[in-house]
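Here is the structure we will look at.
Read-outs: derived from the displayed coordinates by stated rules, not from any lab. Keep in mind it's a predicted model, so treat the numbers as computed, not measured. All Cβ positions, even for glycine, are placed from backbone atoms using ideal geometry, and neighbour counts span all protein chains on display.
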Ligand SMILES: [Fe+2]
């Protein structure tokens, strides 16, 4: 048995598929699991429509792609630390801070293009995201494929980036963001907990990930996260910073035509390949509530590392508290 209700995410985009009406029973079927994994690796992301809106279904869907792993940042809110490791909650309440301004508008919970866990030597393979509380306005999640970015990127920039590693830290403070900021950007109020995370991360080794890598399929992938990027390894100077800023602004520009922005419905869930795709959040009016839950699926591309320490050894994994 295979799933029949499968269609492209959008006809004009080279990535993503939509699977409609998958049931919890189907998540256990070996043939369907194989089919869904093949679709995932080929297309980079899957939007599941019309699924049971429950935590159990989210975990059952996630299990198709690999075991869940614990989120490396201990302070990130968990749904249930004991029963469901790896399910984290991201919420904005009307009284919360974490507001930014750009393009003449103020929004809450805006996130620039990024990959999850870039600040770690190991990425997570994927995450299944599900909406719990959908804001009336905004609150869209954006997805942009690194393979599509590579194909659309200016050739001279790709040549300059080839072989470079990007340095990342757990710096989620928008006022400290160094690359790819939108025009007229300013932080109005800090996200709760971001300052503490930033201070704690200063003592941790910095993570390194390749700017460009080759998928097992042979496709080349541009995978640079403007959020949390600190610089180019071995090129932390004016020239390197200018190159990274050019790359991040080009990602913002190219993504305008190469991305998909999803307005959530209660019965939607989405998974994206975190080793290949970038994602972002549009932001929403600060007086509206928004809540999502995300699983953390283990599985890495094996190309990340931590900066060598003074002793010349590499730290393999680190948990930020
Ligand atoms: Fe994210």
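List of remarks:
- Bridge orientation summary for the chain: considering DSSP beta bridges with both residues in this region, about 90 percent are antiparallel.
- Inter-label distance, nm, simple model (7 Å from Cα along the C-beta direction), residue 257/residue 28: 4.8 nm
- Comparing Cα centroids, the stretch 220-238 and the stretch 254-274 end up 24 angstrom apart.
- Net length available on complete extension from residue 267 to residue 204 is 18.8 nm, with 0.36 nm assigned per residue and the Cα-Cα distance removed.
- Computed over the chain, the convex hull of the alpha-carbon atoms projects to a mean area of 16.2 nm².
- Paramagnetic reach from residue 96 (point 7 Å along Cα→Cβ, amide N under 17 Å) across the stretch 125-140: 129-140
- Part-to-part distance (alpha-carbon centres) for the stretch 17-34 and the stretch 100-146, which is given in Å: 26 Å
- Per-pair calculated FRET efficiency, R0 = 45 Å: residue 3 and residue 235 via Cβ, rounded to 0.05: 0.45
- Residues of the stretch 151-193 with an amide N closer than 14 Å to a point placed 7 Å from the Cα of residue 245 along the Cα-to-Cβ direction: 177-185.
- For the pair residue 159 and residue 41, the difference between a 0.36 nm per residue extended length and the Cα-Cα distance amounts to 39.9 nm.
- Overall form of the stretch 185-257: prolate. Here a/c, set by the Cα gyration tensor axes a ≥ b ≥ c, is 1.5 or more, and a/b is the larger of a/b and b/c.
- Gained length - residue 12 relative to residue 106, 0.36 nm times residue gap less alpha-carbon distance: 30.8 nm
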